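Q: I have a structure I would like to understand better, so I am pasting it below and will then ask my questions one at a time.
Taken together, the values in this text are just the output of simple stated rules run on the coordinates, not laboratory data. The model shown is predicted, which means the values in this text are computed figures rather than measured ones. Neighbour counts run over all protein chains shown; Cβ positions are idealised from the backbone, glycine included.
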Amino acid sequence: MKGFMAELSHKVNKASKFLLIVFFVIAFVAAVYQVFSRFVLQSSIVQKLLPMVDFSVFNLSWAEELIRYMFVWIVFLGIGIVYKSKEHAQVEILLHYLPEKLKGKLQVLIELINSAVFLFLIIYGWGILKFTSQQISPSMGLNMTLIYGSVLVCSLICLLHSFVAILHLVSGVEKKDEMVQVELAKENPPLF
């Protein structure tokens, strides 16, 4: 069970990274296009050179909305990635002064609290999706559940990562630092 969950967590993390990169590329290309269409195609120089062409048709009104929604998904996918690698902001002063035996118990307690928060977000995120299923975005005409679904997806991903962390901590096989090193070694295999 622990091996399956760890592998699932690893694959979900890889898929999240891939989607994050794809969404970032889409947002970047859309932003560059918007800047080009507004400040180059609609500049006075281009309009003087080609007065018979109406370049305002190249200004896509929905691109700004697309960029905004891509960044929403980038942020929420990034939360899961950062949570998996334990690189998020955290207060560790208590962990440094506790004996080794209590450090593991405190880490399990922290992960249980995190899991409760993720469950809360899943339950209420589902309610938000039901509420927003009737809303349509103004420019793109998208159902807003596609946007608000990022909270639910992020919470599910973080709950999975938290569950795997609890399994590792309870089994006592790996400590936190070793777990991060193993994951980094999986993601970055040696070149030769």
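Q: Relative to the longest principal axis of the C-alpha atoms of the chain, give the angle of the C-alpha long axis of helix 2-39, reported between 0 and 90° and rounded to the nearest 10°.
A: 20
Q: Still on this structure: Per Stokes-Einstein, at 25 °C and 0.890 mPa s, what whole-number D in µm² s⁻¹ belongs to the stretch 45-182, with the Kirkwood radius over Cα pairs as the hydrodynamic radius?
A: It diffuses with D of about 134 µm²/s by this estimate.
Q: A follow-up question, please. Relative to the longest principal Cα axis of the chain, at what angle does helix 100-132 sit, 0 to 90 degrees, rounded to 10?
A: 40
Q: Return the sequence-ordered ³J(HN,Hα) values of the stretch 45-61 in whole Hz as given by the Karplus equation 6.51 cos²θ - 1.76 cosθ + 1.60 applied to θ = phi - 60°, using x for Gly and Pro.
A: 5, 5, 5, 6, 6, 10, x, 7, 9, 8, 7, 5, 5, 7, 7, 8, 5
Q: Further question: Taking +1 at the Cβ of each Lys and Arg and -1 at the Cβ of each Asp and Glu, which of 62, 170, 72 sits farthest along the dipole of the chain towards its positive end, judged by Cα position relative to the Cα centre?
A: 170
Q: Of 139, 150, 115, which has the largest mean-square fluctuation in a 10 Å C-alpha GNM of the chain?
A: Highest fluctuation among the options: 139.
Q: Count of lysine pairs in the stretch 1-135 with Cα atoms under 27 Å apart, counting only pairs 8 or more residues apart in sequence or on different chains?
A: 20
Q: While we're here: Please build a GNM for the chain, connecting alpha carbons under 10 Å apart, and tell me which residue among 43, 16, 171 fluctuates the most.
A: 43
Q: With n ≥ 4 as the cut-off for DSSP H runs, can you work out [θ] at 222 nm for the chain, using -39500 (n - 2.57) per run divided by the number of residues, rounded to the nearest 500?
A: -26000 deg cm²/dmol
Q: Taking only Cα atoms and a 10 Å spring cutoff, compute GNM fluctuations for the chain and point out the largest among 111, 64, 92.
A: Highest fluctuation among the options: 92.
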